[in-house]
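Since the structure comes first, as structure tokens, the remarks are kept for the end.
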Amino acid sequence: MTSNFDLIINSFWPMVLAGIKYSIPMMLISFALGLIVALLVALGRMSKLKILSGICAVYVWIIRGTPLLVQLFIIFYGLPSVGIVFTPFVSAIIGLTISQGAYNSEVIRGALLGIPKGQHEAPKSLGMTKSQTLIHVIIPQAALTAVPALGNSFISLLKDTSLTSILTVQEIFMIAKQISAIEYRPLILYIEAAAVYLIFSTVLTYIQNKTEKKLGKHLVEETE
């Protein structure tokens with residue numbers, strides 16, 4: 001039987017590699033797709049079309065009101081009963097994207113609503129259309145405002161990827177469970193898995209702080 005030290009050393013890199021190969025890609029893809037969904041949903045909720053705004057509001061209500069774990073189960077284990085089958089990785093991406101789209105839509109909507117009315121009216125005097133104003137004036141300003149909240153959501157998403165282990169995705173926590181099933185030392189391995197998540201989260205937090213400082217300087221320069 002290997003010592004606790006040897007177990008930690010031998011299992012560390014498999015967990016790290018699982019994070020690099022699966023957890024990080026899942027996080028990046030889901031966050032990027034989720035941002036697109038979030039922007040569309042936020043704009044939909046702000047639309048004057050009651051049907052569109054109502055559909056978007058119901059989507060946010062359902063996704064935010066139900067556990068992500070249940071949503072993943074429905075996508076991977078439930079949909080095959082009606083003939084819709086996805087691989088574990090694709091199911092994870094779909095579930096995480098849908099969740100990110102709902103939560104981040106509220107962040108983006110709040111940022112859009114926080115833009116002063118003058119920023120909407122000024123471009124009209126320059127002959128800009130509503131779509132041009134939205135793309136070139138409103139969204140860029142709202143994006144800067146939303147960065148801190150979206151950064152926190154980005155880091156939280158890394159931890160949410162651990163839920164995809166129930167879909168048999170070979171991410172960090174799944175590797176820890178597999179090794180634990182062989183070595184029968186769950187406490188050590190699960191603490192180690194937590195430490196690996198912490199390492200990745202710390203790096204992401206550092207990048208987030210650097211990004212926010214640069215954007216903060218950019219905002220100061222614009223207001224001067």
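Restrict the check to segment 207-223 and report whether at least one residue is modelled with pLDDT of 85 or more, of a type outside the set (Lys, Arg) and either under 30 Å from residue 3 (Cβ atoms) or crowded, with 16+ Cβ neighbours inside 10 Å (or both).
Yes - at least one qualifying residue is present in segment 207-223.
Does residue 102 satisfy the condition of being in contact with a Ser or Thr (Cβ under 8 Å, 6 or more places away or on another chain), surrounded by 13 or more Cβ atoms within 10 Å (Cβ to Cβ) and of a type in the set (A, V, I, L, M)?
Answer is no for this residue.
Would you mention how many residues in segment 1-58 are without any contact (Cβ under 8 Å) to a residue 12 or more places away in the chain and of a type in the set (Phe, Trp, Tyr)?
Adding up the residues that qualify gives 2.
So which residues in segment 105-134 are farther than 21 Å from residue 55 by Cβ and surrounded by 11 or more Cβ atoms within 10 Å (Cβ to Cβ), if there are any at all?
Listed by number, the residues that qualify are 111, 114, 115, 119, 120, 122, 123, 124, 128, 130, 132, 133.
Identify, please: which residue in segment 115-147 is touching a helix residue (DSSP H, G or I) at 6+ places or on another chain (Cβ under 8 Å) and not in a helix (DSSP H, G or I) and is, among those, farthest from residue 214 (Cα to Cα)?
Top of the filtered list is 128.
If you take the residues of segment 84-126 that are touching a residue at least 12 places away in the same chain (Cβ under 8 Å) and of a type in the set (D, E, K, R), which of them is farthest from residue 67 (Cα to Cα)?
Selected residue: 109.
Test residue 138 against the criterion of being crowded, with 17+ Cβ neighbours inside 10 Å, at pLDDT below 85 and either out of contact with any strand residue (DSSP E or B) (no Cβ under 8 Å at 6 or more places or on another chain) or among the hydroxyl-bearing types (Ser, Thr, Tyr) (or both), and give yes or no.
yes
If residue 84 satisfies all but one of (1) in a helix (DSSP H, G or I); (2) of a type in the set (A, V, I, L, M); (3) surrounded by fewer than 12 Cβ atoms within 10 Å (Cβ to Cβ), what's the number of the condition it fails?
(1)
Against the condition more than 13 Å from the chain's Cα centre (by Cα) and assigned to a helix (DSSP H, G or I), how does residue 31 come out, does it pass?
Criteria not met by residue 31.
Checking residue 138 against (1) in contact (Cβ under 8 Å) with a residue 24 or more places away in the chain; (2) closer than 25 Å to residue 93 by Cβ, which single condition isn't satisfied?
The single condition residue 138 does not satisfy is (2).
In this structure, is residue 59 modelled with pLDDT of 90 or more and surrounded by 13 or more Cβ atoms within 10 Å (Cβ to Cβ)?
Spelling it out, residue 59 is indeed modelled with pLDDT of 90 or more and surrounded by 13 or more Cβ atoms within 10 Å (Cβ to Cβ).
For (1) loosely packed, with under 15 Cβ neighbours inside 10 Å; (2) at pLDDT 95 or above; (3) not in a helix (DSSP H, G or I), each residue gets a yes or a no:
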{"position": "154", "(1), (2), (3)": "no, no, no"}
{"position": "157", "(1), (2), (3)": "no, yes, no"}
{"position": "162", "(1), (2), (3)": "no, yes, no"}
{"position": "169", "(1), (2), (3)": "no, yes, yes"}
{"position": "175", "(1), (2), (3)": "no, yes, no"}
{"position": "182", "(1), (2), (3)": "yes, no, no"}
{"position": "192", "(1), (2), (3)": "no, yes, no"}
{"position": "195", "(1), (2), (3)": "yes, yes, no"}
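The values are calculated or read from the model by the stated rules, or taken from the named source; none is laboratory data. Just so it is clear, the model here is predicted, and its values are computed rather than measured. We place every Cβ from the backbone using ideal geometry, glycine too, and count neighbours over all the protein chains shown.
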